[in-house]
Amino acid sequence: MYLHYNGTVASHSKPRIAMITDLSFYIAAIPAIILVGVAKGGFCTPVAMLGVPILSLIISPVQAAAILLPILICMDFVGLIAYRGNANWAVLKAMLPFALFGIALGWLMAGYLDEHIIKFMVGLTALAFVADYAWRTLRKKTIATRGPVSAAVWGSVTGLTSFIAHAGGPPYQIHTLPLGMKPLVFAATSVYFFTTMNTVKLIPYFALGQFSTQNLWTTLVLIPFAPIGTMIGIFLVKRISQDGFYRISYAAMFLIAIKLCFDSVSQLL
């Protein structure tokens, strides 16, 4: 049974409740939040976008996104404390203004953009990026570097896709992975970047009425699980080699890209 994002149950015969009480929701939500926390801790960043699809098995995607956003921000602030002073500020200055532009664009076009088409295009682009990386690695050629145009394009796409579907991980990594930052710096930069974006997204999400009383109470119940996954992710980042970190990151991006394409085509057909 789907619960609508306005906080009411699909069946009008049931009274309104303060939070979601369906046990199946929590069976899906708690592992999902821990998994997302691992990604938000800087380990396999694209995996963070699995949170909404997992919760969408029980509730609507819109409600899932609204419940998850404050939890993501909680995870982000745990990461900020752990990674303070390690971010690459040049990357942040290059990408963040365009990411904020992407969020604004998504807000202005809310209701007009097809989420599934956006996801499909992001998935295809990520697949092409991973294929290029694999080809260059096998041929032992230098991976293409990234400049200001790349920061502008992928920063904007990250903001737009993050606003629409919490799917900003793949386009963000298309720009940042080739920069070859050390795992600790890469994780810290990702945390700083997405903390800023997710905090800004609170404004349009609130304006669009996505924070119902039911959603907020459900978020409060789930928030204690947020730091668990985040600390696991931080632990892994600090103990894995740079080569291993990047191999896992590219592999995670490949799997997420496949899922994006598959889910989008399934919905569009």
message: Take residue 213 and residue 241, extend 7 Å from each Cα along the Cα→Cβ direction, and tell me the distance between the two endpoints in nm.
response: 5.7 nm
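Give me the number: length gained by fully extending residue 232 to residue 23, i.e. 0.36 nm times residue separation minus the C-alpha to C-alpha distance, one decimal in nm.
Values: separation 209, 0.36 × 209 = 75.24 nm, distance 2.54 nm.
Between residue 232 and residue 23, full extension yields 72.7 nm more.
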- request: Calculate one ³J(HN,Hα) per residue across region 82-94 by plugging θ = phi - 60° into the Karplus curve 6.51 cos²θ - 1.76 cosθ + 1.60, and present them in order as whole Hz with x for glycine and proline.
  value: 6, 10, 3, x, 10, 6, 8, 5, 5, 5, 4, 5, 6
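At a Förster distance of 22 Å, what's the computed FRET efficiency of residue 121 paired with residue 203, Cβ-Cβ distance as r, to 0.05?
0.30
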- prompt: Given [x] 27, 21, 20; [y] 31, 20, 17; [z] 37, 20, 15 as candidate values of semi-axes √(5λ) of the Cα gyration tensor in Å, which corresponds to the one derived from the coordinates?
  reply: [y]
- request: Treat the count of other C-beta atoms within 10 Å as a stand-in for reagent exposure and order 212, 266 from fewest to most.
  value: 266, 212
query: Roughly speaking, what is the centre-to-centre gap between region 208-264 and region 31-73 when only Cα atoms are used, to the nearest Å?
result: 6 Å
- prompt: Pairs 201/238; 40/201; 93/259; 93/119: which exceed 24 Å Cα-Cα?
  reply: 201/238; 93/259; 93/119
task: Multiply the residue separation of residue 105 and residue 269 by 0.36 nm, subtract the distance between their alpha-carbon atoms, and state the gained length in nm to one decimal.
output: 56.3 nm
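In terms of the Cα gyration tensor, with a ≥ b ≥ c the square roots of its eigenvalues, is region 21-89 rounded because a/c is under 1.5, prolate because a/b exceeds b/c, or oblate?
Details: a/c = 2.43, a/b = 2.38, b/c = 1.02.
Judged from the Cα gyration tensor, region 21-89 comes out prolate (a/c at least 1.5, a/b above b/c).
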field: Between 0 and 90°, nearest 10: helix 23-40 axis offset from the chain longest Cα axis
entry: 20 degrees
task: Could you tell me which of rounded, prolate or oblate describes region 213-265, using a ≥ b ≥ c as the square roots of the eigenvalues of the alpha-carbon gyration tensor, with rounded for a/c under 1.5 and, failing that, prolate when a/b is larger than b/c and oblate otherwise?
output: oblate
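Give me the net charge for the shell around residue 125: Cβ to Cβ below 15 angstrom, other residues only, Lys and Arg +1, Asp and Glu -1. Write down the numbers at each step before the final one.
Details: positive: 119, 146, 259; negative: 132.
Net of charged neighbours comes to +2.
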task: Starting from the Cα gyration tensor of region 59-136, take the square roots of the eigenvalues, sort them a ≥ b ≥ c, and report rounded, prolate or oblate (rounded when a/c is under 1.5, otherwise prolate if a/b is larger than b/c, else oblate).
output: oblate
task: Could you work out how far helix 226-237 tilts from the main Cα principal axis of the chain, as a 0 to 90 degree angle to the nearest 10?
output: 10 degrees
- request: Within 10 Å, count the other beta carbons around each residue, average over each peptide in 175-182, 37-44, 97-104, and list them highest first.
  value: 37-44, 97-104, 175-182
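Every read-out reported here was derived from the displayed coordinates using simple, explicitly stated rules and does not represent laboratory data. What you see is a predicted model, and the numbers here were worked out from it, not measured in a lab. Don't worry about glycine lacking a Cβ; one is built from the backbone with ideal geometry, like all the others, and counts go over all protein chains shown.
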